[in-house]
Each structure stands twice: as C-alpha cells, then as structure tokens.
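The values are calculated or read from the model by the stated rules, or taken from the named source; none is laboratory data. Computed from a predicted model, the values in this text were never measured in an experiment. Heads up, the Cβs are rebuilt from the backbone with ideal geometry, glycines too, and the neighbour counts pull from every protein chain shown. Note: areas computed on protein heavy atoms with side chains; ligands, DNA, RNA excluded. Shrake-Rupley method; radii C 1.70, N 1.55, O 1.52, S 1.80 Å.
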Amino acid sequence: MAKKVAWFDVSEFDKKYFEDKDLDMSITFFEEPLNEKTAELAEGFDAVSVFINSDLNREVLETLDIDIVACRSTGFDHVDLEAADEMDVTVCNVPEYSSNTVAEHTFALLLSVSRKLYSAINKVKDGSFDHEGLRGFDLKGKTFGVVGTGSIGKHAIRIAKGFQMDVIAYDPFPDHEAAEEIGFDYVDFDEIVETSDVISLHCPLNEHTEHMFSDEEFKKMDGTVLINTSRGGLVETESLIKAIDRGDVRAAGLDVLEDECGLSEDIDYLGEMEEKCDLQTILHDHILIKRDDVVVTPHNGFNSEEALERLISTTIENLEDLANPVNN
Ligand code: NAI
C-alpha cells in the first residue's frame, strides 16, 4: 500500500472528492502533469498518480524513487512499462470507468451532426429563429456500423437500438453472445465501410488499426457519417477532409483528432510541437475544426461527474491494494 502519494495534474473535482474522505495515506496535489520538467516534485513520495497528459518515459522514471504509478486512465501508453518493470515499479490502470459515458458522448456527437445542433443554437443566439440550412436527418431505420464491440462499442449499440437503428458490427474478436442478446449482426470490415449510414469507431489504436480509414475506405462510402470517440490516429486526417469535400463522407463528429497533443495549450513553442507531432496533421486538424459539417470536442468523451468519481475511487483502490496492475 502506498503511504505518500504525489497526485499530479489535479483538478478541482479531484480535490473536492477528497474533502470528506479519511484515508490511510497522505496525498499531495500538484497542478502540473508529471514529466521531465516536473519530476523533481515527486521527490520523497513512494507513489505517483497521473492523468494522460503526463509522460513517464524511461528518463522520468529513472529520476523517481517510487513503487507505484497509479494511472487515472484506462490507457497507459504514456508510461514506459518495460522501464517500469526493470525498476520494479508497479503500474496500475482503471480498466473501465467511462464505457457508458463515452457511448453517450458518441450519440451527443451523432445528434449534433444529424440535427445540426451547433448551427441551430448559434443561429438562435445570433437572433435568428428561421429554419434555413438546419434540415437534419432521422436516425431511426439508418444502419449504424460499429468498429470494435468492446465495452464502449456494446454500450453504443444498445443506445443505437433505442433509436431503432439497424446495427452491424466488425470486430476481429466477435462477441456472439452479446450479438444474440442485444440484437446485432457481425459483418466483415468492407461491409461496414460500404453499407453503413453511420460508422462509429470503438477500437484501440495500434499498428493494425492506425489509418484504418483512409482514401481507399472513404472512396467506398456514399454520404456516410463518421463518428470517432476512440483515437484520432484511426483516421487519416487529410483523406477525411477530401472525402467530406467529395461527399463520400456527409459529416463527422470527432472527440479525438490525429496528433491532438499538438492542439494542447501545454505546448509552449513551435519546436516542442514539431518534436511531438506532425505539423501538417495539426494544420489538417485545424481545417476540420473550422468546417460546419464537422463537430469536434476536445477528447471529452469520458468527462462526466459519475465517470470521474469511478476513476478516482478505483485509483484509490489501486494505491491501497495494487488492484488492476498492468505489469509485474
Ligand atoms: P475494449 O478493449 O473494451 O474494446 C475494444 C474492442 O476493439 C475489442 O472488442 C477488440 O477486439 C476490438 N478491436 C481490436 N482491434 C480491432 C480492429 N482492428 N478492428 C475492430 N475492432 C478491433 O475498449 P473500450 O473500453 O470499449 O474502448 C475503446 C476505445 O475507446 C479505447 O481503445 C480508447 O481508444 C477509446 N476511449 C476514448 C475515451 C474518450 O474520452 N474519448 C475514453 C476511453 C476510451
């Protein structure tokens, strides 16, 4: 069990959570993410808790003298696991805290696109109450194509069924029991690409899935809506812009963008941005953001009160019992 924890990237929500909690460990908050610039703050602590903005590469881990890294996230690609293993540092994650939350955000994006909510709201704020340019489309009866039927994908499918959409899905590891129980069909990837009215991405980013949607796939579409709450790198950004221009993609709702770290306010200067991301992709991200037929949110899918409470309480369990280790 951790005794002294340095809690990086703290939010007001985190602080409030701890106000009435009586824990057997002492927790010190730091506003900053943990990285090479801030590593010295962790001196004297036996554990750190970090959010996804932190960067625990080998050099950073080497400067720390800790036993536990408690990630306040499902993903742990910001921690060098190999280095942590060598140093006998246990890394824990929070395997599931926001599945329904991200799935709900998927539909927030889809409804924003289908009912042109952003334009409609802005029009009213600008004092206009007419319908010009605001005609949307129904979800009922449309085909919802899901790529990745893990926790979030399955929640999204259940919501889609509530809208009376027809659901098809692709996953290299299909869950036939869930398909039977919820009522959807597994098809091959090409069928998803060619026949879906809406494609929603819920699979991890890895060497097999990077740019799984690029020119070749977009050219097989015909007015499809693309929703991505998963990872920006699944989609080749310039190809998406061209596909929307051609009409192959009708509109997009994106919670994640390729190289989105380059859009963060934490980046101080162009050189740092160039080191971490591809400047051409950042430019394309900005082009997408400005379009009326694209709705972008800032990787905010997980961000609900309930999900954050689950995130913090599981992180405490991880610090107390080393639950949910991802190494060692
Ligand atoms: P999960 O691990 O439960 O499900 C992922 C599914 O993707 C699995 O069923 C797996 O078999 C499938 N898959 C793997 N390779 C595939 C491929 N090539 N094609 C199609 N499917 C493939 O993960 P979960 O919890 O559902 O999360 C999905 C993704 O959502 C995460 O990888 C993460 O990138 C993203 N996410 C986004 C958040 C946000 O705030 N926007 C928050 C949390 C997760």
Query raised in the report: Taking 1 over the mean of 1/r across every pair of different Cα atoms in the stretch 19-76, what Kirkwood radius in Å do you get?
Result: 12.2
Report summary line: Candidate cut points under GluC sites (Glu not before Pro) in the stretch 1-96, DSSP loop plus at most 15 other Cβ atoms within 10 Å of their own Cβ, are Glu19, Glu31, Glu36, Glu43, Glu96
Query raised in the report: Loop-only check: which trypsin sites (Lys or Arg not before Pro) in the stretch 1-82 are DSSP coil with at most 10 other Cβ within 10 angstrom?
Result: Lys21
**Report entry** Principal axis box of the stretch 36-150, alpha-carbon based, largest edge first, Å
**Finding:** 62, 35, 19
Requested in this report: Give me the percent of the accessible area of the chain that comes from carbon and sulfur atoms, probe 1.4 Å, all protein chains in place.
Outcome: 47
Query - Count of lysine pairs in the stretch 99-296 with Cα separation under 18 Å (8 or more residues apart, or interchain) - result: 12
Query raised in the report: What's the percent breakdown of Cα-Cα distances in the chain across 10 Å bins, shortest bin first?
Result: 5, 23, 29, 24, 14, 3, 0
Query raised in the report: Among Phe129, Ser200, Val326, whose Cα sits farthest toward the positive end of the charge dipole of the chain (+1 at Cβ of Lys/Arg, -1 at Cβ of Asp/Glu, about the Cα centre)?
Result: Phe129
Query raised in the report: When the helices in the chain are scored as -39500 (n - 2.57) per DSSP H run of 4 or longer and the sum is shared across all residues, what 222 nm value do you end up with, to the nearest 500 deg cm²/dmol?
Result: -10000 deg cm²/dmol
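Could you pull out the longest piece of the chain with no exposed loop chymotrypsin sites (Phe, Trp or Tyr not before Pro) in it, calling a site exposed if DSSP puts it outside H, G, I, E, B and it has at most 12 other Cβ atoms within 10 Å? Write down the numbers at each step before the final one.
Values: sites that count: Phe129, Tyr269.
No qualifying site falls inside 130-268, the longest such stretch.
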Query raised in the report: Name the trypsin sites (Lys or Arg not before Pro) in the stretch 138-247 that are in a loop by DSSP and that have at most 11 other C-beta atoms within 10 Å, would you?
Result: Lys140
Report summary line: Reported to the nearest 10 Å², Met1 has, with a 1.4 Å probe, an accessible area equal to 100
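Given charges of +1 on the Cβ of Lys and Arg and -1 on the Cβ of Asp and Glu, with all other atoms neutral, how large is the dipole of the chain about its Cα centre, in debye to the nearest 20?
1820
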Query raised in the report: Out of residues 5 or more away from Gly253 or on other chains, whose amide H comes under 5 Å of its own, with H placed 1.01 Å from N in the peptide plane?
Result: Leu226, Ile227, Asn228, Val295
Query raised in the report: Given a 1.4 Å probe, how much area per residue of the chain is accessible, in Å²?
Result: 51
